[in-house]
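Have a look at the structure below before the remarks.
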Amino acid sequence: METLKERLVETATTAKMKVSGAEAVIRCLLEEGADLIYGYPGGAIMPVYDELYKFRDKLHHVLTRHEQGAAHAAQGYARATGKVGVAIATSGPGATNLITGIADAQIDSTPMVCITGQVARHLLGTDAFQETDIIGISTPVTKWSYQVTRASEIPTALAKAFYIARSGRPGPVLIDITKNAQFEEFDFSYKKCTAIRSYKPKPEINPARIEEAAALINSAKKPFIIFGQGIILGKAETELKALIEKSGIPSASTVLGLSALPTEHPLHTGMVGMHGNYAPNLLTNECDVLIALGMRFDDRVTGDLSTYAKQARVVHFEIDPAEIDKNVKTDVAVLGDVRETLEHLLPLINDNKHEAWHREFKDKQAIEYDKVIKNDLFPEKEKLTMGEVIEKINKRTGGDAIVVSDVGQHQMIACRYAKFNRTKSNITSGGLGTMGYALPAAIGAKMGAPKREVVAIIGDGGYQMTIQELGTIFQTRVPVKIVVLNNDFLGMVRQWQQLFFDKRYASTELINPDFITIAKGYHIPARRVTKREELDEAVNEMIASEEAYFLEVCVEKEDNVFPMVPSGASVSDCRLE
Amino acid sequence: MNESYTVSVYSENNIGLLNRISAIFLKRHINIESLTVSECEIENVSRFVIVADMDEDQVRKIVGQIEKQIEVIKAYYHTDEETIYQETALFKIKSSLLFDERQIQNIIKQSNANIVTVAREFFVIEKTGRRHETDALYDELAPFGIMQFVRSGRIAVSKTEMNISALLKEFQNA
Ligand SMILES: Cc1ncc(C[n+]2csc(CCOP(=O)(O)OP(=O)(O)O)c2C)c(N)n1
C-alpha cells in the first residue's frame with residue numbers, strides 16, 4: 001500500500017514511468033479528475049479491471065447490472081454535476097449494450113467518455129470471439145471515437161477524449177482499446193489536451209451580430225424567449241436571468257432547458273413543445289421577435305415548420321454552427337458560447353416591461369389552468385392522477401429535488417409540474433426518448449450530487465426496461481427515491497392509440513408483476529399507494545427515508561396528457577382536450 | 001431543385017473519418033455519385049472530393065454537419081459551373097483491333113486520349129475529361145468491344161480563389 005501511495009503522488013507530476021496500458025487508463029482517468037465510473041467487466045477489459053482493484057481507494061467503480069445501466073448512470077452523473085461521466089465495458093456485447101446510452105448522450109449533448117475493451121490487435125477483423133466493430137457501430141452516435149492498438153497511444157487518446165467530450169457542444173466519445181495495448185508496458189506521462197488543430201469548440205463571437213440582435217430585441221413589441229439546455233451546458237443561468245429581468249421578456253423553456261430558470265420566476269411562462277404549456281406554444285405564433293437561446297428547434301418543439309413562428313423575426317444564439325437555419329430560418333444568428341454572447345448582449349438591452357404582452361400569457365395560462373392543470377393537480381375524480389403525485393413531491397421537497405424522469409406520460413407530467421429552484425435539476429431523456437433511462441440515471445445523479453434529494457419518476461413500462469439496476473442500488477446503498485406511476489399501460493402509446501388509432505390498444509396493456517415484492521427482494525423499503533388519502537403520508541415517508549425507497553402509485557389507467565400539439569400539427573393547434 | 005454538387009473536405013488523415021463522412025450522406029438518404037480521397041499538398045491532410053445530387057439547402061446542411069466532425073479542417077461545396085473538374089477513364093481493348101481496325105486509331109487521336117500501355121493481348125487507353133467526354137469515347141469504342149472499362153471519381157478545383165490555401169498554411173504551422 002505504501003508503494004502504491006508513492007506512485008500516485010508521482011502521477012500528479014506526470015513524471016515518466018513504466019506502466020501497463022491498463023494502468024495508464026486508470027492514471028489518465030485520475031488525471032482528468034474522475035472519481036466515479038460505471039461499468040461491467042469481461043474478457044477484453046480484464047486488465048483494466050485488475051488495475052481498478054489496485055486503485056480502488058482512488059477511483060470508485062460502480063458495477064451496474066447491465067452496460068446500458070452504466071451508460072445511463074454516467075449520463076445522470078454528468079447531467080447532475082456538469083462533469084464528464086465515464087462508462088466502461090468489455091468488447092462485443094458489452095460494447096453494444098452501451099450504444100443506447102451513447103446515442104442518448106449524443107442527441108442530448110451529454111459529456112461522456114466510454115471505454116471499451118477490444119480483442120487483441122492481431123485478431124482485429126478476424127471475427128474473433130467477442131469482436132465487434134464498435135467504432136463502426138458507434139460512429140454515427142458519438143462526437144468522436146478512436147481505436148487504440150498500442151499502449152503508448154492511451155494518454156493522448158484519453159486526453160483528447162475528455163477534451164472533446166466536455167468542450168464546445170458536449171457529447172459522448174468512445175475509446176476502444178485492444179487487449180494487447182492494455183498489457184503492453186510503456187513510459188507513461190500525461191498531458192491534458194487543450195486544443196486540437198482541426199477542432200474549434202467555440203465559434204468566434206461577432207460583435208456586429210450581437211448589436212443586430214440587440215437592436216431587433218429592443219425594437220420588439222412582442223418579444224419572446226425560448227431557452228434550451230445550452231443555457232445549462234454553457235453555465236449561463238445568471239446571464240439568462242439578468243437578460244429576462246432587464247428586458248422584461250416572457251420566456252419559456254424546452255424540456256431540456258427546464259430548471260435553468262426557477263420555475264416560479266414571474267417571467268417563466270412554462271414549457272414549449274408537444275406537451276408544453278398552452279400560452280407559450282400559442283404565442284410562439286404571435287410574437288414579433290423570437291429569441292432562441294441554446295436550443296435547436298427540435299421537431300417536438302416546433303411541430304409543423306411551415307407554420308412555425310412565420311410572423312416573427314428570429315434571433316438564434318447557438319454554439320453549434322450546424323444548427324443555424326437547420327430547422328428554422330433565422331434573421332440574426334449569434335454564434336458562440338451562450339454565456340459569452342449574453343454577457344456582450346446585456347449592456348445593449350433596454351429596460352422594458354412589456355406588460356400588455358405579458359397579460360396575453362396570463363390569460364392563456366388561466367384557460368390552461370381551468371381546463372387542464374386544476375384537474376391534474378387537484379382532481380375531483382376518484383382515481384389518482386400523475387399530476388397530484390408530482391404536486392405532493394413538490395410540496396415535500398420545496399422544489400429543491402433533482403427530478404429524473406423516464407419516458408412517457410409520467411415524463412411529460414413530471415416536466416410540466418415539477419418545480420425547480422435550482423439548475424441541473426431536471427434530468428430526462430429528451431432527444432432520444434429512451435425508456436429505461438431514469439432508474440440508472442438517478443443512480444448516477446445521486447452519486448454525483450449526494451447532498452441533493454433525487455427522485456426518479458418512472459412508468460410501469462420503462463421501469464421494467466432497466467429494473468435490474470435495483471441490484472446496483474441495493475449493493476451501493478445509494479439513497480435514490482423511486483416513484484413508479486403505474487397505469488398498467490404503456491400510457492403514452494395508449495394515448496396515441498386512443499386519439500389517432502380508434503382506441504385499438506394493440507399491445508400496450510401491461511400485466512405487471514408485484515413491484516413491491518420485487519423491491520423487497522432487493523431489500524429496498526417499498527410501499528404501494530392506491531388511494532388519495534394515503535398519498536401524503538407515503539410521499540413524506542419516502543422523502544424522510546435516509547435510504548433508497550420505492551413508491552408505487554396506482555393511477556388512473558386511461559388519463560391523457562394535455563395540452564398536446566399532435567405530431568405534424570402547428571403549435572397554434574395546441575389542443576386542451 | 002436538385003443539381004450536382006461537388007463537396008470538398010480537408011481533414012486530418014485519420015482512420016475512420018471516411019465512415020463518419022459517408023454516414024452523414026447515408027443518414028439523409030443522399031446517394032454519393034463519386035468519391036475521391038487522397039493526401040493533399042500538406043502531409044497528413046487528406047482531401048475528399050465528393051459528388052452528389054441534392055438541392056442547395058441540403059448541401060449547405062451536409063457541409064455544416066461535415067465541418068462539425070472533429071478531424072475536419074474545412075469543407076466547401078460548389079456547383080458544376082463553379083468548378084473545373086475532370087475524371088479519368090481507362091479502356092482495355094484487344095490488341096488485334098489496334099492493327100485490324102484503322103478507325104480505332106482515329107478515334108484515339110480525335111478524342112485526345114492516350115495509349116497507356118500496349119501488351120500482346122490488349123492495350124489500354126486513358127482519357128481524362130468531363131463525364132460527357134469519357135462517355136462519348138465509350139460510345140465510340142463500344143461497337144469494337146471493350147474488354148474492361150473503369151472511371152475514376154471526380155477531381156476538381158474551384159474557379160474562384162479559395163481561402164483554404166491560407167488556412168492550410170496556418171494549419172501546417174500549428
Ligand atoms: C426503448 C423505448 N422503446 C419504446 C419506446 C416508445 N414509447 C414511448 S412512451 C412509451 C410508453 C411508456 O409507458 P410507461 O413506461 O408505462 O409510461 P407511461 O406513458 O404510462 O407514463 C413507449 C412504449 C421508447 N420511447 N423507448
Scan the range A:199-238 for residues that are surrounded by fewer than 24 Cβ atoms within 10 Å (Cβ to Cβ), polar (S, T, N, Q) and within 21 Å of the chain's Cα centre (by Cα) and report the count. 1
Total residues in the range B:134-156, condition closer than 30 Å to B:Asn13 by Cβ and surrounded by 14 or more Cβ atoms within 10 Å (Cβ to Cβ): 7
Output the residues belonging to the range B:115-133 that are part of a helix (DSSP H, G or I) and either at positive phi or surrounded by fewer than 16 Cβ atoms within 10 Å (Cβ to Cβ) (or both). B:His132
With the requirement that a residue be within 8 Å of the ligand (Cβ to nearest atom) and in contact (Cβ under 8 Å) with a residue 60 or more places away in the chain, what does the range A:458-485 give you? A:Leu485
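Rundown of residues vs (1) out of contact with any Ser or Thr (no Cβ under 8 Å at 6 or more places or on another chain); (2) closer than 25 Å to A:Tyr278 by Cβ, yes/no style:
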position: A:Glu212; (1), (2): yes, no
position: A:Pro223; (1), (2): no, yes
position: A:Leu233; (1), (2): no, no
position: A:Leu243; (1), (2): yes, yes
position: A:Ser247; (1), (2): yes, yes
position: A:Ser251; (1), (2): no, yes
Members of the range A:487-498 that are more than 6 Å from the ligand (Cβ to nearest atom), over 7 Å from A:Thr508 (Cβ atoms) and open to solvent by 10 Å² or more (accessible area, probe 1.4 Å): A:Asp488, A:Trp496, A:Gln498
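Of the residues A:His72, A:His60, which is at pLDDT 95 or above, surrounded by fewer than 18 Cβ atoms within 10 Å (Cβ to Cβ) and closer than 29 Å to A:Lys235 by Cβ?
Exactly one of A:His72, A:His60 is at pLDDT 95 or above, surrounded by fewer than 18 Cβ atoms within 10 Å (Cβ to Cβ) and closer than 29 Å to A:Lys235 by Cβ, namely A:His60.
Which residues, taken from the range A:402-419, are closer than 14 Å to A:His268 by Cβ and either within 14 Å of the ligand (Cβ to nearest atom) or surrounded by fewer than 24 Cβ atoms within 10 Å (Cβ to Cβ) (or both)?
If we filter the range A:402-419 for residues that are closer than 14 Å to A:His268 by Cβ, which is where we start, we get A:415-419.
Answer for the range A:402-419, where residues must be closer than 14 Å to A:His268 by Cβ and either within 14 Å of the ligand (Cβ to nearest atom) or surrounded by fewer than 24 Cβ atoms within 10 Å (Cβ to Cβ) (or both): A:Cys415, A:Arg416, A:Tyr417, A:Lys419.
If I filter the range B:2-13 for residues that are within 12 Å of chain A (Cβ to nearest Cβ) and of a type in the set (Gly, Ala, Ser), do I get at least one hit?
Pass one, the range B:2-13, residues within 12 Å of chain A (Cβ to nearest Cβ): B:9-13.
So of that shortlist, the ones also of a type in the set (Gly, Ala, Ser) come out as B:11.
Yes, the range B:2-13 has at least one match.
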Can A:Gly436 be described as within 15 Å of the ligand (Cβ to nearest atom), more than 14 Å from chain B (Cβ to nearest Cβ) and surrounded by 24 or more Cβ atoms within 10 Å (Cβ to Cβ)? yes
In the range A:106-143, how many are surrounded by 23 or more Cβ atoms within 10 Å (Cβ to Cβ) and not in a loop (DSSP other than H, G, I, E, B)? 9
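When you check A:Ala220 against the structure, is it of a type in the set (Gly, Ala, Ser), in contact with a strand residue (DSSP E or B) (Cβ under 7 Å, 6 or more places away or on another chain) and more than 14 Å from chain B (Cβ to nearest Cβ), yes or no? Please lay out each step first, then the result.
Values: of a type in the set (Gly, Ala, Ser): yes; in contact with a strand residue (DSSP E or B) (Cβ under 7 Å, 6 or more places away or on another chain): yes; more than 14 Å from chain B (Cβ to nearest Cβ): yes.
Yes; evaluated as a whole, the condition is true for this residue.
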Could we say that A:Thr302 is at negative phi and surrounded by 17 or more Cβ atoms within 10 Å (Cβ to Cβ) here? yes
Please find, among A:Ala548, A:Ala544, A:Ala526, A:Ala506, the residue that is surrounded by 24 or more Cβ atoms within 10 Å (Cβ to Cβ) and either modelled with pLDDT of 95 or more or touching a helix residue (DSSP H, G or I) at 6+ places or on another chain (Cβ under 7 Å) (or both). A:Ala548
Given the condition modelled with pLDDT of 95 or more and over 18 Å from A:Val84 (Cα atoms), answer yes or no: does some residue in the range A:167-178 qualify? yes
Checked the range B:47-86 for anything basic (Lys, Arg) and either in contact (Cβ under 8 Å) with a residue 60 or more places away in the chain or farther than 15 Å from B:His29 by Cβ (or both); matches are B:Arg47, B:Arg60, B:Lys68, B:Lys74
Checking B:Asp55 against (1) away from every other protein chain (no Cβ under 11 Å); (2) over 20 Å from B:Asn2 (Cα atoms); (3) surrounded by fewer than 19 Cβ atoms within 10 Å (Cβ to Cβ): exactly one of these is not met. Which one? (2)
Suppose we filter B:Ala166, B:Ala136, B:Ala156 for residues that are away from every other protein chain (no Cβ under 14 Å) and outside any helix (DSSP H, G or I); which single one remains? B:Ala156
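The values are calculated or read from the model by the stated rules, or taken from the named source; none is laboratory data. From a predicted model like this one, the values you see are computed outputs, not experimental measurements. Neighbour counts run over all protein chains shown; Cβ positions are idealised from the backbone, glycine included. Side chains included, ligands, DNA and RNA excluded: accessible areas come from the protein's heavy atoms. Shrake-Rupley method; radii C 1.70, N 1.55, O 1.52, S 1.80 Å.
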